[in-house]
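Written out below as structure tokens is the structure these notes cover.
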Amino acid sequence: MKPDQTDELIARAIAALPYRRSPEGFGARVMAGIAAVAPQPWYAGLLKTAGLTLTAWVSALAFVSARILYANLGELAALAIQPGGFSRALAFTAARAALLLSKLAAAASFASEMLSAASAWLPAWYEIGFAVLFCSAAIAALSKSARPVRQGI
Amino acid sequence: MPEAEKELVLRCLGGDTSAFAGILDIYQDRIYSFALRLLKDPVAAEEAAQEAFVKAFRGLSSYNSAYPFSSWLFRVAHNACMDALRAGNKTVSLDTEDFPDLPDRSAGVELKVEDSIASERIEAMLASLPPLYSEVLLLAYKENMGSSEIARVLGAPEGTVKARLFRGRELMKVKLYREAGATF
């Protein structure tokens, strides 16, 4: 037998091998595995938002901390080399951080006041909700009645 | 890719988990057989095939529809099987291939290989080959994939695939000739 023929024979023999049947309940187990990993859309969105918010906050905090340290590096170094200076440097940093936090709190309070002033002109949340529901129902009813009749061919 | 299969993939991508049952119906025996022939252990094969399907579902968004779905799925299955082989401390030399020495066959030697080979024999021969070779032979002949498609499945260059195919065939021939009682 020529080598080419043997190649063909091997190819044919492998192609003719039957597929083995997967074990009983294999499909059900896979689907159960999939159901366990398939994320709920709202849940995944919520987690993602929470993660992003947390990351943003941590980044802001790290940036502010680094900025405090950088801005006061000279004073901190001078304090640190004195006897008992390390605790004084820490207290100094804490005081600076507290000052910055109070500024941030003031800014947040200002923003909140501005927001409440702007929203004072808006109706109550339940009134807005009711109006949205009413408008949606009206639009749905109108679009249903305006739908063209399907032509039978 | 067949239309029905394409539609199932699209439905899965659209968030319809139940459509994956259709994909499972089409491929479960093929993927399980592939894993079983590589791992040679029904329990390990079932685990690897199951893992492959779950990973495929999870990573379905990364599937590029320009290529056949089957080769993408077989790539996921190949990775699951390689992980299982590594976990079982079985040697899978992927970086440096140790090509076994093949005996020289002098031309014109009369060989007593039958015109057809019983499936049990070919199955046993495939099982005795290193997974690197049995895998390419299965993909090429059982799954009817070309060298480029196999290269995508294995994540290896096409030249490597061709070399493995050649070596795999040669090793099979050696076994066949040995069985037939031929002398080299």
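The values are calculated or read from the model by the stated rules, or taken from the named source; none is laboratory data. Model, not experiment: these values are computed from the prediction. Here the Cβ positions follow ideal geometry from the backbone for every residue, glycine too, while neighbour counts run over all protein chains shown. Note: accessible area is taken over every heavy atom of the protein model, side chains too, but ligands, DNA and RNA are not part of it. Shrake-Rupley method; radii C 1.70, N 1.55, O 1.52, S 1.80 Å.
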Exactly one of A:6, A:53, A:49 is at pLDDT below 90, surrounded by 11 or more Cβ atoms within 10 Å (Cβ to Cβ) and among the hydroxyl-bearing types (Ser, Thr, Tyr), and that residue is A:6
Restricting attention to the stretch B:126-141, and to residues there that are in contact (Cβ under 8 Å) with a residue 60 or more places away in the chain and open to solvent by 10 Å² or more (accessible area, probe 1.4 Å), which single residue is farthest from residue B:38 (Cα to Cα)?
-> B:127
Being assigned to a helix (DSSP H, G or I) and open to solvent by 30 Å² or more (accessible area, probe 1.4 Å) is the filter; apply it to the stretch B:85-108 and report the residue that is modelled with the lowest pLDDT.
-> B:87
If residue A:46 passes every condition in (1) farther than 30 Å from residue B:52 by Cα; (2) out of contact with any helix residue (DSSP H, G or I) (no Cβ under 6 Å at 6 or more places or on another chain) but one, which one does it miss?
-> (1)
Selection within the stretch B:35-74 - in contact (Cβ under 8 Å) with a residue 60 or more places away in the chain, of a type in the set (Phe, Trp, Tyr) and part of a loop (DSSP other than H, G, I, E, B) | B:67
Residue A:24 modelled with pLDDT of 85 or more, within 14 Å of chain B (Cβ to nearest Cβ), in a loop (DSSP other than H, G, I, E, B) and open to solvent by 60 Å² or more (accessible area, probe 1.4 Å) = yes
Out of the stretch B:155-170, which residues are of a type in the set (A, V, I, L, M, F, W, C) and crowded, with 21+ Cβ neighbours inside 10 Å?
-> B:161
Among the residues listed as B:4, B:77, B:21, the single one being within 13 Å of the chain's Cα centre (by Cα), among the hydrophobic types (A, V, I, L, M, F, W, C) and assigned to a helix (DSSP H, G or I) = B:77
Among the candidates B:176, B:138, B:132, single out the residue that is within 10 Å of chain A (Cβ to nearest Cβ) and in contact with a Ser or Thr (Cβ under 8 Å, 6 or more places away or on another chain).
-> B:176
Between a first residue in the stretch A:14-26 that is within 14 Å of residue B:144 (Cα to Cα) and a second residue that is open to solvent by 70 Å² or more (accessible area, probe 1.4 Å) and part of a loop (DSSP other than H, G, I, E, B), which pairs have beta carbons less than 9 Å apart while being 6 or more apart in sequence or on different chains?
-> A:15/B:144; A:16/B:116
Among (1) part of a loop (DSSP other than H, G, I, E, B); (2) within 14 Å of another protein chain (Cβ to nearest Cβ); (3) exposed (fewer than 10 other Cβ atoms within 10 Å of the Cβ) - the single one residue A:83 does not satisfy | (2)
